[in-house]
Amino acid sequence: MAAQQMNCPSYPIGFIGACGLVTLSGPMLDWAAWKHLSCLPTLLKLKIDQGCIDPPSLPTQDIVNLSFLNITSLSFRQLFDAADFITVMQHSQFPSLKEFEFEAHFLSSEEAEQLFHALSSCNAYRTLEEITIISYDNDIIGPEYDEFLTPIPHLLCFTQLQTLKLISETFHIYLDNDMLLQAMSSWPHIRTLEIEEFDPPSEVTLRGLFTALGPCPQLHTLQVPIKIATIDIDPDTEPIQHTSLRSLDLEKSKLQIADAESLACIISTWLPCVDQSSVTPRGAPALSTGAPALPMVAPALLEPRRGGTPPALRKTAVWSAVTPPPRPPGPAPGAVTLPLA
């Protein structure tokens, strides 16, 4: 009977070629193994975990261009040195790819730019639905952390995109109103968009955010850095409600909120179906709002980011249509409260 899944520390090429392999998990491959796998018509899912294992070298003189016609899911995880994995992406085509995951302990800004370019050039623009790229080790932060990368333009070609998660603690991800609107207009099927980074700057305003929501009627979860030093929407303006969004997390780098009462009013009227929305300053309690109008405090701890430094404890205030509990004697240290709309 043909094997459908294999998880092994090494790749017995002769055996792999003799079986109808569907899923393969293991460490990094050399060029001979990559070339062999590209000839397997049954292989659909490939998961490479580097971990602490020294990967085989990929000599420049051995580089070949490859095409994996049927792979739908490609995952690179626990990467301590991303260079060779990016090289593989630069020389491979994945015309059936639907899911792509790239998780590195450290990804320099130069490597990240190369990765985004390689991904946009791997011939998956008709099929790719899920992209997750994570660089989560901020213990090696250097001068490149001051640099801004613009990955979004590289990803506009993926018109079937449903999930995009970009998490970085080693470089800034640039995003502004025009770029967000262009992205949402290019991804009509998008359901989840999460952009998370350490101490995020942002050029996205509330007006830009709500304008960008229009072209994506299926958007369910949104987490982006937001600039709320000034609120550029009049709370008395007739709202254009977006009813598909259920989860909203507006990260910002500064604790100050220009007008908390207006912000709460705008979010609750423009996004009536949001279960929870948070303005999350780095290392501070999360600030949450949501309709209906009566607050009930429910402290919760956020899970630490996988493989990264655990964030400070946060509290989440969840609003529900029940009688609020008695107010505690005083606010928690560092707590920020949004007035009711």
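Take residues that are modelled with pLDDT of 75 or more and tell me which of the strands (runs of 3 or more DSSP E) falling wholly in the stretch 1-76 contain 3 or more.
On the way: elements: 5-7, 23-26, 45-49.
In the stretch 1-76, 23-26, 45-49 are the strands (runs of 3 or more DSSP E) which contain 3 or more residues that are modelled with pLDDT of 75 or more.
I need a count of the residues in the stretch 155-193 that are touching a helix residue (DSSP H, G or I) at 6+ places or on another chain (Cβ under 9 Å), closer than 21 Å to K98 by Cβ, crowded, with 18+ Cβ neighbours inside 10 Å and not small (G, A, S).
Quick first cut of the stretch 155-193, residues touching a helix residue (DSSP H, G or I) at 6+ places or on another chain (Cβ under 9 Å) only: 155-159, 161, 164, 166, 168-187, 190, 193.
Keeping just the survivors that are closer than 21 Å to K98 by Cβ gives 155-159, 161, 164, 166, 183-184, 186-187, 190, 193.
Then keep just the ones that are crowded, with 18+ Cβ neighbours inside 10 Å; that gives 155, 158, 161, 164, 166, 183-184, 186-187, 190, 193.
Checking the rest, the ones that are also not small (G, A, S) come to 155, 158, 161, 164, 166, 184, 187, 190, 193.
Going through the stretch 155-193 one residue at a time, the tally reaches 9.
Is it true that K254 is among the basic types (K, R), crowded, with 17+ Cβ neighbours inside 10 Å and either modelled with pLDDT under 85 or not in a loop (DSSP other than H, G, I, E, B) (or both)?
Considered against the rule, which asks whether it is among the basic types (K, R), crowded, with 17+ Cβ neighbours inside 10 Å and either modelled with pLDDT under 85 or not in a loop (DSSP other than H, G, I, E, B) (or both), K254 comes out as no.
Mind telling me which of the residues S75, S108 ends up being buried (at least 18 other Cβ atoms within 10 Å of the Cβ), polar (S, T, N, Q), under 28 Å from P153 (Cβ atoms) and touching a strand residue (DSSP E or B) at 6+ places or on another chain (Cβ under 9 Å)?
S108
The values are calculated or read from the model by the stated rules, or taken from the named source; none is laboratory data. On a predicted model such as this, the values are computed, not experimentally measured, just so you know. Backbone-built Cβ (ideal geometry, glycine too); neighbour counts: all protein chains shown.
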